[in-house]
Structures are given as structure tokens and as C-alpha cells.
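> First the structure, then my questions, so here it is.
The values are calculated or read from the model by the stated rules, or taken from the named source; none is laboratory data. The shown structure was predicted, so the numbers you read here are calculated from the model rather than taken from an experiment. A quick note on method: Cβ atoms are made from the backbone with ideal geometry, for glycine too, and the neighbour counts reach across all protein chains shown.
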Ligand SMILES: O=C(O)CCC(=O)C(=O)O
Ligand SMILES: [Fe+2]
């Protein structure tokens, strides 16, 4: 049945998305939080995404129907969450979560690069960004994060709707939308890339492609352009209106993200926090040695 479009998020559809298997839960428009099998997960708008519980303690029951639903949500609204069974604490969780990420990730792309993100606490949030925006070869279209150790407090990951942000910026601050920023990577000094704040993506149309103010950014302004601090303030103000998901991590959660239509950040946190990150079809990574 066709669902009405939801005006709260680009590509969103009101109502129940789809049930996937016996353990899947789809959230309804009016009470997404209550129906979520994960009370800690908060969806800041009322449209529901797919919450699919995976039991990871025996074999891997990844049904063939799961991946297409993840792909559909990631394409439409920009993200999808697969939650492990809450009582899952097994020592093999890393292996299982990685396997699920790769199995489902195959439906989004052909290659994946894995890294472990490990921190011991951070009083500062990680600024909002498009993943790998500094990459000369371009950004990865999709990435996934899996939680191995949730922090003691804080450390939620927020996903922002880049199409909605682009639309609002064009309406309210058209001169800023066309300004360019040059991004660099501190870790890989040879990686430098420049984007208009609003880019026209061949597949998705106008999207915000951006990293909030950091030392390695350079705003490419003309004398008539708004001041640099104003550029960041206006864009950040708009992004605050475009939070699509704030995900509070539980061990075993898997979050798939469409990096071309969303941005993300991470809040400040206390205690050890370990995530597995999988970048899918990262343009800079094209060869593998076995
Ligand atoms: O730790 C997170 O939640 C996200 C980290 C991140 O965005 C990054 O390392 O690029
Ligand atoms: Fe990131």
C-alpha cells in the first residue's frame, strides 16, 4: 500500500514501514519511541524507521528479506538501525556484528574498509560532518557503525538530513549555499578537497556537503561574502533543525548511513567507547592485499 509522504524528513513515508521477520519491529508515525524495541533509541521526528532485532548468540539469522529493507530505508531517508538482542553480551559479538555488517553491506556496495574507533571519553562533541569530506577521490556513499562498548554516558551519534538542510539554506541564505570550503585531513595531509556548501548531487539533487568549523577547514570567500564565523553559524543553525535521528548506543547495534544525503556528529561522552566503522565503496580504497 502506498504511504503518504512525511514532511518531517526528506523521502520519509508516514506509517508503518514494513515488518521484516518474526523479530522485526516497524515504528508507527505517531508513537515511534513507544513501539521501538529499544527504549533508549530516540527518533526526533515521528516517522519510523526499521528496527530489526538480530539474535547474535547462535548462528547468524540474517534473512534474505532484511537487506532489501535496510537498503530501501538507507536510500529513502538516509539511515537504518539493526539492533542486537538486548541480552546479547557474548564474547563473539565483534565477529557476529562484523559479519552482519558485511553481509548486509554487500547489498549497498562492493568493497568495505573496517576501522575500530576507540576512545576513553571526550568532553567535546565531534563536529558535524560528511564522512571523509577531505578525500580527493570523493566521499564514500555509505558507511556503517556498530557498537561494541557503549560509553558510560553521552556519546550518541546524530544523523542530519542533508537534503532538508540544503533546501532551508537555499531559501534563507542563498549566498552561503554557493560558497565553497576547502577541507583537509590532519591524518592524511595529501588529502584535500573542496565543495560548495550546497552541492548538486547527480543522484539525489541538492544536498549539504559540509564539515563544521575546524582548524583544517578553509572558507573560500570573496570580499562581498558573509564573514567566515557567520557562514558556520548560519549553517549550524539550520542543521540543528535537521536532526533525523539521535542514536543512543547499545552493545551490538548497527547503524547504516547514506553519507551522500546525511551528515553526522557525536556528542561528548564519559568512559570507554568502542565502535566498529565500515566504509562502503570508499573511493580511495580500491585494492586489497591478502
Ligand atoms: O563515534 C561516532 O559516533 C562517529 C565517529 C565519526 O563520525 C568519525 O570518526 O568520523
Ligand atoms: Fe564520521
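> Please go through the range 215-239 and pick out each residue that is in a helix (DSSP H, G or I) and under 16 Å from residue 126 (Cβ atoms).
232, 236, 239
> Still on this structure, I have one more. Go over the candidates 245, 208 one by one and state the one that is buried (at least 19 other Cβ atoms within 10 Å of the Cβ), over 22 Å from residue 71 (Cβ atoms) and within 22 Å of the chain's Cα centre (by Cα).
After applying the criteria, what remains is 208.
> Kindly provide the set of residues from the range 138-186 that are more than 13 Å from ligand 2 (Cβ to nearest atom), in a loop (DSSP other than H, G, I, E, B) and not assigned by TED's automatic domain parsing to the domain that holds residue 276, ordered by number.
The answer is 173, 178, 179, 186.
> Just to verify a result, which residue in the range 99-121, among those that are more than 16 Å from ligand 1 (Cβ to nearest atom) and touching a residue at least 60 places away in the same chain (Cβ under 8 Å), is surrounded by the fewest Cβ atoms within 10 Å (Cβ to Cβ)?
110
> Look at residue 173 and say whether it is over 23 Å from residue 70 (Cβ atoms) and more than 12 Å from ligand 1 (Cβ to nearest atom).
In short, yes.
> Considering 214, 231, which residue is farther than 21 Å from residue 102 by Cβ and either without any contact (Cβ under 8 Å) to a residue 24 or more places away in the chain or touching a helix residue (DSSP H, G or I) at 6+ places or on another chain (Cβ under 8 Å) (or both)?
231
> Next question, about the same structure. If a residue must be outside any loop (DSSP other than H, G, I, E, B) and at positive phi, how many such residues does the range 241-285 contain?
1
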